[in-house]
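Below: the structure, in structure tokens.
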Amino acid sequence: MLQVENINVFYGKILALQDLSLRVSEGTVVSLLGANGAGKTTLLNAISGFIHPAKGEVKYLGQSIAKKETYEIAKLGIVHVSQQRDLFSDLTVLENLRLGGTLLKDKAKLERKLEEIYEDFAILRERKNQKAGTMSGGEQQMLAIGRALMAEPRMLLLDEPTTGLAPIYVERIKELLTRLKEKNMTMLLVEQNAPMAVALSDYFFVLRNGRVVAEATTDSLPVDVSGFFHKYYI
């Protein structure tokens with residue numbers, strides 16, 4: 001579904017990703033693991049068009065998207081939930097969700113999609129008239145994911161969905177992503193919580209200094225996942 005082939009990405013003169021390649025098959029969950037500064041967020045930004053590779057290719061469903069703009073990539077079905085969430089804090093929950101459904105031109109379909117989101121996120125129904133900026137971090141994260149789902153994506157890019165959240169919200173986000181996996185949603189997940197990421201994923205890549213240094217199916221991992229990954233986080 002997604003192929004990244006030998007891309008280089010620069011921030012000014014700094015090489016952030018070097019000859020990086022990976023693939024994501026349709027209906028799978030793939031995790032990007034590694035320490036802070038390894039290049040995980042940069043890779044998601046390169047896929048979704050926020051930055052463009054200086055070298056290499058990014059293909060989605062066989063079509064090159066390496067030079068496309070973010071809105072064009074979103075129309076193709078790739079939706080990015082950033083670590084910052086990028087909510088409209090002065091708008092209500094409902095208004096944020098409706099903005100996520102901008103590509104849905106049929107009003108009846110938009111309302112049906114809203115109901116689907118409310119079924120997965122009961123808290124969003126309860127808070128639909130509340131301004132997004134007044135919600136807790138965990139509630140904002142659920143709104144950010146719900147807004148992304150309003151666009152009916154074929155692939156979700158999720159950047160650190162549980163970072164900084166209270167344990168109860170970490171568990172809720174994990175439950176939500178598990179339900180999405182059961183619905184065969186294709187996901188590329190950046191997550192510092194390696195055990196959780198492995199539990200959700202079919203495959204993983206470990207990044208270090210802008211390169212892939214390890215990859216495997218998650219069912220090939222040892223029982224002591226934390227010990228296995230320790231060397232990649234120091």
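The values are calculated or read from the model by the stated rules, or taken from the named source; none is laboratory data. This structure is a prediction, so every number in the text was calculated from the model and none was measured. A quick note on method: Cβ atoms are made from the backbone with ideal geometry, for glycine too, and the neighbour counts reach across all protein chains shown.
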Examine the stretch 211-228 for a residue that is modelled with pLDDT under 85 and closer than 25 Å to G137 by Cβ, and state whether such a residue exists.
yes
Flag for L2 being under 16 Å from the mean Cα position of the chain (by Cα), within 26 Å of T178 (Cα to Cα) and either touching a residue at least 40 places away in the same chain (Cβ under 8 Å) or surrounded by 19 or more Cβ atoms within 10 Å (Cβ to Cβ) (or both):
yes
Name the pairs whose Cβ atoms lie under 7 Å apart, with the first residue in the stretch 200-216 and hydroxyl-bearing (S, T, Y), the second assigned to a strand (DSSP E or B), and 6 or more positions between them or separate chains?
S201/V29; S201/V30; S201/S31; S201/L189; Y203/V30; Y203/T217
Of the residues that sit in the stretch 135-164 and are buried (at least 20 other Cβ atoms within 10 Å of the Cβ) and either without any contact (Cβ under 8 Å) to a residue 40 or more places away in the chain or among the basic types (K, R) (or both), which one is nearest to M196 (Cα to Cα)?
T162
Name, by its number, the condition in (1) at pLDDT 90 or above; (2) more than 23 Å from I117 (Cα to Cα); (3) crowded, with 20+ Cβ neighbours inside 10 Å; (4) not aromatic (F, W, Y) that does not hold for A194.
(1)
